[in-house]
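Have a look at the structure below, then the notes.
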Amino acid sequence: GVPDLAADAAALLAFRSAVGRSALEWNATASPCLWHGVSCSNGRVSALRLPGAGLIGEIPAGTVGNLTELRSLSLRLNALAGSLPPDFDALKNLRGLFLHGNRLSGQLPAAVFSLSALARLDLAANNFSGGISPGFNNLTRLRVLLLENNHFSGEIPDINLRLLQFNVSYNNLSGSVPRGLSSNPATAFLGMSLCGAPLQPCRNVTPPSPSPSPSPSPSPSPSPPPPPPPSSTSAPLAPKHKKRSKLSGGAIAGIAVGSAIGLMCIIAFVICCSKRGGRMQGTSAEEAASKPAAEATEKRLVFLEGSSEFELEDLLRASAEVLGKGAYATAYKAVMEGGQTVAVKRVRDVNLEEREFRARIQAIGSITHRNVVKLMAYYFSKDEKLLVYEYLPGGSLSAHLHGNRGSGLNPLDWKKRCGIALAAARGVEFIHSTSSTASHGNIKSSNILLHKERVACVADYGLPLLVSRNTMNHTAGYRAPEVTDARKVSQMADVYSFGVLLLELLTGKAPAQAAQNAGGIDLPRWVLSIAREEWKAEVFDFEILGNQNAEEYMVQLLQLALECVAQYPPHRPTMSEVVAQIEKIYGLSFELHGGQDHQHRIDDTEYVDESWPSFN
Ligand SMILES: Nc1ncnc2c1ncn2[C@@H]1O[C@H](COP(=O)(O)OP(=O)(O)OP(=O)(O)O)[C@@H](O)[C@H]1O
């Protein structure tokens, strides 16, 4: 009969034993639904997400292919090798397959082209070879196809799908860009001598004509795209009847000053949508992606990979309060009736085309790490851009360090600060690990949010790339000297900002505050101006002093911070080096590991949080 959860558990166990111990962490008595990396829906395994989990070796046949209810499989950034097993064709419900950044090789098996529910396929940065198959046209729901940085060769077949994201850069492809793909940006075809729109016209070559394709709806021209294939899923978040309501001028003013509490931003959102007569509904990324471009202006909340979905109506009915106004957005806390709480950001000054906006959001939303605040969903219309994040209840590091002591926030002792430094460093390191050009761009203490279980998370990843303004002034104090545009921040500039953050943790001074107190010099300069013998008396925040044994390690962390804020970027450590150093300092300072094997033991705290500080 139909495989049950026990069969899913057996498949996961087989997968684990084949690809290494770190693959799945579980409590032997617990249901697989409670294992690390596993999500369930209706009592069956619906998602397996093990990005950066150290998986090594081949994906064994008869393991993941046996998880027949799987909707999302993310094994990004591991060291999986060999070819894809043919039993992938059993994954009939798979919507997202993310194998980016492994060592997988060989031709894509025919099984891939029978995954009829697939909406997002990311096979970038592997060693896949052979021709790109026209079989992709069978995947009529596919909206994201990422094949860059592989060894695919031959000509690109005409692919007549309504792809929102497509990339085949840095393969061994030749010939011309087929018409069905010519509306993609030139950056989708980098690193090869291809020709034809959007690249240089082909010389002495007949322009490509639409080739016969197995697509059920071949398009005679790239623009406008053909109508969508019918959606096979019933809309799980179907709109319910809504009343059009009017927002009073007073309420709008309330939002503007950020003082009024409860439902305002959400009501404004409803009004905005209602005025334009747009249909409102929540939807998953796959479903949103499966609509044609013409419908792209519809009012819809799009959920990203790995996010729990809720009704848009729940969000509309939520009570909301203003959390703060930053350089890019105003942030609200929204508590839904069921108790689920999210942070909603209304982003200002976004001048991106919808397609570009969606592409950048998909990249931001694909980041899933315990120390990075998860982007759950987004909403795009001409006048309104909303980002829905998980809500972190512990407040920002900035509020803890510099907030009013009567606000009920606990002071941060040395252990907590050291744990926050490590967690934040791991979050930034993970962002950097996703690509050689990926950077956060706005590391500062108000973007480090605290959490009971996960200690600290990095917020606002990618926001500088969404806005049209150069928000340089908002990063003053944290900005590396070489940065002239807040939208072009290198990984080394992130390291500089992180160094300032470490100085802030150690001194308890905000960079701007330090600048004022020290006659206009910035925090790194202020620290450097104080003789090393005076550090204990002058530099460290009195709240972390008192434990003489720890002072040696505080000095080590301060030295690391000063390395990070080196003026010349190549003199700064990488984030991986920063993480390794803080792990060492943390382990030695708290004698977690008897001074031995500290790195391994601290890595274990990724899953076991008892040794971490909490914020009750
Ligand atoms: N996901 C979240 N969970 C809990 N609180 C949040 C969340 N996101 C933001 N906040 C709170 O909202 C406040 C405003 O955030 P926002 O990111 O808009 O501005 P900022 O961090 O002060 O400045 P910038 O826009 O330059 O990053 C933050 O200080 C933070 O306390």
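Label separation (Lys536 vs Asp383): 6.3 nm, computed from points 7 Å beyond Cα along the C-beta direction. A simple spin-label model places the labels of Ala7 and Ser193 5.3 nm from each other, with each point 7 Å out along Cα-to-Cβ.
Annotation note: GluC sites (Glu not before Pro) in segment 340-372 located in DSSP loop regions with a Cβ neighbour count of at most 15 within 10 Å are Glu353.
Note: segment 82-175, Cα convex hull, 78 Å³ per residue.
When both segment 347-362 and segment 90-142 are represented by their alpha-carbon centers, they are found 26 Å apart. For the listed residue pairs Lys345/Lys509; Lys488/Lys509; Lys382/Lys509, the alpha carbons are over 29 angstrom apart in Lys382/Lys509. Using a Förster distance of 22 Å, how high is the FRET efficiency between Ser153 and Thr437, based on the Cβ-Cβ distance and rounded to 0.05? Step by step, r from the Cβ atoms, then E = 0.30. Modelled label positions at Glu58 and Ala476, each set 7 Å beyond Cα in the direction of Cβ, lie 6.1 nm from each other. Express the Stokes-Einstein translational diffusion coefficient of segment 37-144 in µm² s⁻¹, to the nearest whole number, given a Kirkwood radius over alpha-carbon pairs, 25 °C and a viscosity of 0.890 mPa s. The calculation lands on 178 µm²/s.
Net length available on complete extension from Lys488 to His36 is 159.2 nm, with 0.36 nm assigned per residue and the Cα-Cα distance removed. Packing, as the average of other Cβ atoms within 10 Å across residues, places the peptides 380-386, 429-435, 141-147, 13-19 in the order 141-147, 429-435, 13-19, 380-386, highest first. Please compute the net charge surrounding Leu173, taking Lys and Arg as +1 and Asp and Glu as -1 over other residues with Cβ under 15 Å from its Cβ. Spelling it out: positives minus negatives among the neighbours equals -3.
No lab work stands behind these numbers, since they all come straight from the coordinates. Source: prediction; values computed, not measured. Positions of Cβ are generated from backbone atoms using ideal geometry, with glycine treated the same way; all protein chains shown enter the neighbour counts.
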